[in-house]
Amino acid sequence: MSKVGIILDGKEVFVEEGSNLLEAALQSGVEVPHLCYDPRLKPFGSCRLCFVEIAGRPVAVPACGTQVSAGMDVTTNSELLADLRRVALELLLSEHCGDCVAPCQQACPAKIDIQGFIAHIANGQHKKAAALIKEKLPLPSVCGRICPRFCEEECRRNLVDEAVNICALKRFAGDYDLKAINSYKEQMAPDTGFTVAVVGGGPAGLTAAYYLALAGHRITLYDAGPQLGGMLRYGIPEYRLPKQLLDQEINMITEMCQEVRLGEVLGRDYTMAQLKEQYDAVFLGIGCQEAQGMGLPDEEMPGILKGIDFLRMVVEDRPPELGSRVAVIGGGNTAMDAARTSLRLGAEEVVVIYRRSRDEMPANPVEIMEAEEEGVEFHYLTNPTACIERKGRLQGLECIRMELGEPDASGRRRPVAVAGTEYEMEFDTVILAIGQVVETEAAQHSEVSLSRWGTIDTALETGCTSEPGVFAAGDCVSGAATVVEAVGAARVAARSIDQYLYGKEITPEAKPFNCSMGELKDLDPADFADREKLARAPEIHLAPMERKQHFDEFNLGLSKDGLGQETQRCLSCGCEDVFNCTLRQLASEYEVDTNRLGVSNKRYAIHTNHRHIVHDANKCILCGNCVRICQEVQGIGALGFANRGYDTVVKPSMGLPLAETMCESCSQCVSACPTGAIAVKSPLQKPGPFVDDSVVDTTCVQCSIGCDLQLHVVGDSITRVTSPLRGEVNSGNLCKKGAFEFDFVHSKGRLQTPLLQNGEKMQEVSWDEAFAGAASMLQKIRDRYGPESLAVLVSPSLTNEANYLAQKLARLALRTNNIESTKPVASASHLGEESLETDPVAYKELKDSDFILVVNTDPTVDYPIVAQKIRQAEAAGATLAIMSPRATRLDGQAQLTIRTHPRKSLKLFQAMQAYLQRYDLACQGMELPLTEEEIKYLLLELPETVRVKPARVIELLHRYLQARNPVIVVDGSTMSGPELGALLDIVQATGNAKAGQGILQLFESGNCRGQLDMGVHPRLLPGRQPLYDLAARERYYGVTGMPLPATAGLTLQEIRAAAKDGDIIGIIVIGDDFSLDDEMFDEGLFTVAVTSTWRTDLNRADVVLPAPTFAESRGTVTNSEGRMQRLNPAFAPPGGKDHYEILNDLAQALGVDFSRSLPEQLLNEMQEISQWGLQKAGNFFMGNEKSKRRKVPVI
């Protein structure tokens, strides 16, 4: 198609004339927002997002519905367009219902991906769980023990039974990581040369240091104390937070720092002026470590302690004498820590005095409950009014009863003294735990603006202070708060520091759009009534009377069973498509506000009854892509619109569950959905969502189409498979095999260690032992019974290079031509004299064909991707003819259908030849090799070969002759050699063997064509050269330096017979698709199996070598159109060796050294032998094969 020039956002570009403007823009690299556009479908325009402005037109127009014409001046971004798109998005979202991210993550101050890390734990990816937590919080073990559980308050599981024990799971991930031999350490960015001073070694300072060091900056960490940790070390008792564990997590951070300076105090040992001069930026995380008093007279007398000071004394191993009766004033976590510590120091009676009721206590409810278990008494609605002194020391407290009045600024009801209710209590020690403030001197030495509360004044969304280059976060900004809040704020400040260092504008972290079904209080518990009730797994605790006798950690975490139970209790509320949702991306980009039009309430049940697909109509925006792609591309119609107006919804056809419709599990609807309303059901035990660690481009080998695949990898698992939308082979379309049938990659039976038969039992051995055992026996068989007593079978799922190496192993190491495919194509048994092919037909040529004849196959079932291309060609005007003994799903679109008699295809093809010759319809010089007698006989037999009038066959022939670019599609796996030869004679005789014409052979196994190209055939050498070809044999010798066996090898059928007769004594089977239950193994055949996964039939093998699957393989395969495509590994093979290493090592054990064993070297060697000189045409790599005519006997 010719190209025309247009102006696109002020730049001239050249695009295909007549194409739609949206596709033209996308192909030119200009991203015009869209949701409903899919290049596989005709533009529909339902989303109203792709509006653009065209000079000379009064209004904006949808780009998807506008054809390109020369000279167009197009604007894709303007204020007007942004407003239009924003309104369109708000309208779409007004009927959209779901949670982009889980409510627990929204409630977490650090914004940890809680759903994600729980899923990692459930899936056994424990290090990945720790890594995901550390993206937002570098202290998972610490916070897993002390976090106040904001997340659990919003957990949707509360509407079913109890919240998920998120903190216990976070603790597990952190502890696992610390115990692992290789703890997770994120890769630090290259050194930037920028220096940052971090003042304060508490949670805020440690967090800032961690994320700044990750960014490649040089960090110097200052702290006034003798050890880092701040309140983590000095404010939290050992029994809650073991200091050895704290030190482990701190050390992982300090290892990333350039320098750590302890015992240095701001204002005493250095000044802010000096820091600003020596460093490029400064972070202040000086905390709140000065305890508050109550303002009572004689508050400083002996016997009265401040909570933080008391806890520090204990940590520093200088505990005070407490006496037998201790009062703790306050209701926060520090008060609980002081009370429980007092018990462990020997106090006989500990009373917590709090001026409000238990409901208003700010302490973690778990801390309160555990204090009660240990014997702490609580006096609620009580407030001290005076300290009672005797002989210069505390004697007790005077208190007054309180009652609750109206709520104060914190939202809690204000305590009001009840007149006349004063009373006295005797105590030996009183500990004041009513809060902390920033140390006045430290705050003043920071030389930045302070708030009226004495905290550092910052811009909360960036951490910027009043001084350029100085940032702050944590308790010194917020006042005494929680560790997780300090961590969240410090990470934000670290980001701002990074921006500042690079001279960028300091902007708040972008907040992605998040749709939500609402807060817990807004939801209807009935929506969760179908969820099974599962009790919250208890953590293992020491008994109260035991634990209060010492400071050892008493909460031992979840048991193994409890861990599994707790991960399964997670409801996975967040959208599984959140990281790929186009709707969310656009709503974020255009800063959509759903408050104007609101969002929909949940209206539909979420359907999970399909094996591979989840359908949540609540997220649907009615773009129609799923309905159309199922009908127009796949030809199924499993989905459709139901109802009208506001009640319109996409449903499976006939109101059936999707699994009970004609759905083929092709994933087309998933690939076309822009919102996650139709999504892939996770193959993992627990769904993510997950950000891909990598996306690996590779090729499907489950049939010969060669679809482009993208393996989405998280950790050591494939989480889903997609295909590039504009790929040349399959244009983003997949079938069930490509989309979903990859679970074998992660089978529990994957072999990791070689196995050797030891009597009647398989025994694990080393690779060297396995190779030695295999080679020793194979050599004995070869030397005693001759090389012809050995055979090698190779799976067509292997790469070209592995197939080539396998035939080398057979011919040079075993010295036999008994090299055959485990799935030989029917026509291959007749090869060896002449090629049975025309030049390959490209899929694009199939789509451009004007006549397509499908012979003896139903591509919609066997090869769905090719069926799509056939439909496209027919829709564009091509004549479609079907020749088959059975009905096919293409019959309804075919202009000509011929029902044949089974097993009479060859006679039918020969009768067609006879007709061409009788009426002189063959091209000049291309006479068919038939005698007059044969012609007469075949034409008389024609009615017996079909179940229609013979005139239909004649009509088909004439349409074929009249076509400009006719293509015949056959199943090469089932078509015999004589049948294929007869068809080839027709193609060549009619002059239809030119480029873009001929026969397209499809194979049920992935690399059948490549196997033959590489010489995996008993009578063919690499390049499909006949074994007896002297020049080919000489080239083989010249390249490899070793002579070829002279005797032609046996086909698979012949190998089976020879094994039964005892003539084949040893065999190597390479691949997963050949069962050892085959009767040929009944006679005690010595068998070496190179396979990926354990099967019971492998008990019949003598040696088993662990092999890779396609997902662990590197190399090439050749598809039906002759395109050489790449396989790229997503993982290392579980056994540690790929096919090249296995075959090369086995050859060495047999005494032959293959000097070339890398895929590139092997392919080059094959080219030298074949003299193909693989020619490149676009992404094609095709051998220069020349087709020859051949005589097929008349039957």
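The values are calculated or read from the model by the stated rules, or taken from the named source; none is laboratory data. Quick caveat: nothing in here was measured; it's all calculated off a predicted structure. Here the Cβ positions follow ideal geometry from the backbone for every residue, glycine too, while neighbour counts run over all protein chains shown.
General remarks:
- For D113, the criteria (1) surrounded by fewer than 24 Cβ atoms within 10 Å (Cβ to Cβ); (2) of a type in the set (D, E, K, R); (3) farther than 18 Å from V366 by Cβ hold in every case but one, which is (1).
- Residue, nearest to the chain's Cα centre (by Cα), within region 556-574, restricted to residues that are part of a helix (DSSP H, G or I) and buried (at least 18 other Cβ atoms within 10 Å of the Cβ): T567
- Restricting E461, E424, E519 to residues that are touching a residue at least 60 places away in the same chain (Cβ under 8 Å), surrounded by fewer than 19 Cβ atoms within 10 Å (Cβ to Cβ) and of a type outside the set (G, A, S) narrows the list to E519.
- Residue check, E553 more than 24 Å from the chain's Cα centre (by Cα) and among the charged types (D, E, K, R): yes
- Scanning region 1095-1110 for residues that are under 13 Å from V745 (Cβ atoms) and either among the polar types (S, T, N, Q) or modelled with pLDDT under 95 (or both) yields a single hit, T1109.
- Against the numbered list (1) under 19 Å from L241 (Cβ atoms); (2) over 47 Å from the mean Cα position of the chain (by Cα); (3) of a type outside the set (G, A, S); (4) surrounded by 16 or more Cβ atoms within 10 Å (Cβ to Cβ), D317 comes up short only at (4).
- Residue satisfying condition, being surrounded by fewer than 20 Cβ atoms within 10 Å (Cβ to Cβ) and either assigned by TED's automatic domain parsing to the domain that holds N803 or at pLDDT 95 or above (or both), within set S1092, S1113, S1075: S1075
- In region 953-989, the residues that are part of a loop (DSSP other than H, G, I, E, B) and either under 17 Å from L880 (Cβ atoms) or in contact with a strand residue (DSSP E or B) (Cβ under 8 Å, 6 or more places away or on another chain) (or both): A963, R964, N965, G972, S973, M975
- For region 341-360, the tally of residues that are closer than 26 Å to L404 by Cα, free of Cβ contacts under 8 Å to residues at least 40 places away in the same chain, surrounded by fewer than 21 Cβ atoms within 10 Å (Cβ to Cβ) and out of contact with any Phe, Trp or Tyr (no Cβ under 7 Å at 6 or more places or on another chain) stands at 1.
- Test: residue in region 265-280 that is touching a residue at least 24 places away in the same chain (Cβ under 8 Å) and either closer than 27 Å to P319 by Cα or under 37 Å from the mean Cα position of the chain (by Cα) (or both): yes
- Some residue of region 934-952 being surrounded by fewer than 16 Cβ atoms within 10 Å (Cβ to Cβ), modelled with pLDDT under 90 and either in a loop (DSSP other than H, G, I, E, B) or not assigned by TED's automatic domain parsing to the domain that holds A873 (or both): no
- Options A371, A363; residue that is modelled with pLDDT under 95, touching a helix residue (DSSP H, G or I) at 6+ places or on another chain (Cβ under 6 Å) and surrounded by 15 or more Cβ atoms within 10 Å (Cβ to Cβ): A363
- Just so you know, in region 37-50 the residues that are buried (at least 22 other Cβ atoms within 10 Å of the Cβ) and in contact with a helix residue (DSSP H, G or I) (Cβ under 6 Å, 6 or more places away or on another chain) include one that is farthest from R86 (Cα to Cα), and it is D38.
- Going through (1) within 21 Å of L1076 (Cα to Cα); (2) in contact with a Leu (Cβ under 7 Å, 6 or more places away or on another chain); (3) assigned to a helix (DSSP H, G or I) one by one, E801 falls short only on (1).
- Taken over region 530-555, the criterion of being under 21 Å from P242 (Cβ atoms) and either surrounded by 15 or more Cβ atoms within 10 Å (Cβ to Cβ) or of a type in the set (D, E) (or both) is satisfied by E539, L542, P544, E546, R547, K548, F551, D552, E553, F554, N555.
- Residue within region 759-780 that is within 16 Å of L1020 (Cβ to Cβ) and either of a type in the set (S, T, Y) or surrounded by fewer than 22 Cβ atoms within 10 Å (Cβ to Cβ) (or both) present: no
- Residue within region 575-582 that is at negative phi, not assigned by TED's automatic domain parsing to the domain that holds L159 and not in a loop (DSSP other than H, G, I, E, B) present: yes
- Qualifying residue in region 788-805 (condition: crowded, with 23+ Cβ neighbours inside 10 Å, among the small types (G, A, S), touching a His at 6+ places or on another chain (Cβ under 7 Å) and outside the structural domain of V967 (by TED's automatic domain parsing)): yes
- Failed item, numbered, when A189 is tested on (1) surrounded by fewer than 16 Cβ atoms within 10 Å (Cβ to Cβ); (2) aliphatic (A, V, I, L, M); (3) under 29 Å from A102 (Cα atoms): (3)
- Filter result (buried (at least 22 other Cβ atoms within 10 Å of the Cβ) and hydrophobic (A, V, I, L, M, F, W, C)) within region 444-458: I456
- Any hit, region 693-704, residues being surrounded by fewer than 22 Cβ atoms within 10 Å (Cβ to Cβ) and more than 28 Å from D1138 (Cα to Cα): no
- For region 224-259, the candidate set comprises residues that are in a loop (DSSP other than H, G, I, E, B) and charged (D, E, K, R); within that set, the residue that is surrounded by the fewest Cβ atoms within 10 Å (Cβ to Cβ) is E255.
- Verdict on T440 being at pLDDT 95 or above and not small (G, A, S): no
- Considering each residue of region 497-520 in turn, at least one proves to be modelled with pLDDT under 95 and assigned to a helix (DSSP H, G or I).
- Residues being more than 22 Å from L734 (Cβ to Cβ) and assigned to a helix (DSSP H, G or I) - total across region 622-654: 4
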